[in-house]
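Encoded as structure tokens, the structure appears first; notes follow it.
Read the figures in this text as sums done on the coordinates, not as results from a lab. Small disclaimer: the values here were computed from a predicted structure and weren't measured. Heads up, the Cβs are rebuilt from the backbone with ideal geometry, glycines too, and the neighbour counts pull from every protein chain shown.
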Amino acid sequence: MTAFTTGTLPVPGATLHHETCGTGPLLLLIPGGSADAAIFGGIATHLADRYTVLSYDPRGFSRSHLHTPVGDQQVQTHSDDAHHLLDALLPPGETAHVLGTSSGAFVALDLLTRHPDRLGTVIAHEPPAVEILPDAAQHRAMFAHVRQTYRDQGTAPAMAALAAGLAPIDRQPAEQEIPPDAGLPVQRDAMLTRMHANLPLFLEHILCPFTAYTPDLPTLRSRAHQLVLAAGQHSRNELPHRTATSLAHHLGTEPVEFPGGHIGVSEQPVPFADRLRETLDAAETRRPDDHHRTTQPTNG
């Protein structure tokens with residue numbers, strides 16, 4: 001069984017809970033939605049032979065406590081948190097790879113935009129970057145509807161509205177659950193309880209501010225040799241897959257498809273970890289020779 005080492009780090013306005021396992025180059029994993037560090041337990045176990053895997057609970061979630069009144073969260077504040085973690089835990093002279101999923105992919109993108117020093121390859125898995133789409137106003141209204149549904153009816157109806165808004169309009173959205181055999185730590189039930197407790201903060205203070213974030217396309221274009229846009233094989237035609245693909249094309253690249261859907265990191269942790277390893281290897285192999293090609297061809 002893989003051993004995880006936990007710790008805390010004071011940052012402006014919060015104290016972050018973080019955990020690491022494995023040895024080798026640092027790989028920072030940034031969770032999305034209402035998830036915390038434990039969502040990556042399944043893939044971390046399969047990457048620990050190659051990487052020092054670092055993840056954390058975002059500020060205000062689970063074991064990362066806020067020291068200021070709760071308010072709308074900003075992507076830039078969360079990417080500053082990730083930068084503080086790297087400053088504290090990355091050995092001198094080394095670089096770190098980064099994977100951010102869903103809303104955590106916004107943090108990864110902003111980290112590359114504003115704090116590119118000491119970063120290797122950055123993988124952004126299905127950031128719901130609707131502001132780059134021609135029909136952004138429609139999706140903005142959908143996220144506002146989800147937040148209002150939470151205010152009026154609570155978390156379950158709001159999450160149902162979100163699932164419907166992210167799925168294709170021509171089919172019923174499938175309920176996304178973390179399967180019992182997802183390879184997550186034995187503390188799975190405790191993690192799910194924490195994720196549920198995090199939903200009010202996510203629905204009220206993260207969903208709308210984060211999805212209003214507009215990636216800095218010119219800056220990301222200049223650093224495209226470090227960036228991979230990832231999309232789920234099972235989420236084709238869904239909104240997060242569309243935004244990942246659109247963002248990749250804005251940057252002149254092609255997305256890399258990963259196993260599973262929007263939450264493939266927990267749906268299929270072993271294949272997801274294998275694809276992550278392959279993608280990092282391919283990016284590192286290409287970088288010295290060609291700073292304009294950033295992704296492998298899309299795999300169906």
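Shape summary of the chain, radius of gyration then Dmax from alpha carbon positions: 17.7, 55 Å. Helices in the chain, meaning DSSP H runs of at least 4 residues, each add -39500 (n - 2.57). Divided by all residues, the mean residue ellipticity at 222 nm is -12500 deg cm²/dmol. Rounded to the nearest 20, the Cβ-based charge dipole of the stretch 5-286 about its Cα centre (Lys and Arg +1, Asp and Glu -1) stands at 240 debye. In the frame of its principal axes, the stretch 1-105 has Cα extents of 40, 29, 22 Å, reported largest first. So, in Å, what gap is there between the alpha-carbon centers of the stretch 240-270 and the stretch 58-73? With the stretch 240-270 and the stretch 58-73 each reduced to a Cα centre, they are spaced 28 Å. Translational diffusion coefficient of the stretch 30-178 (Stokes-Einstein, Kirkwood radius from Cα pairs, 4 °C, 1.567 mPa s): 76 µm²/s.
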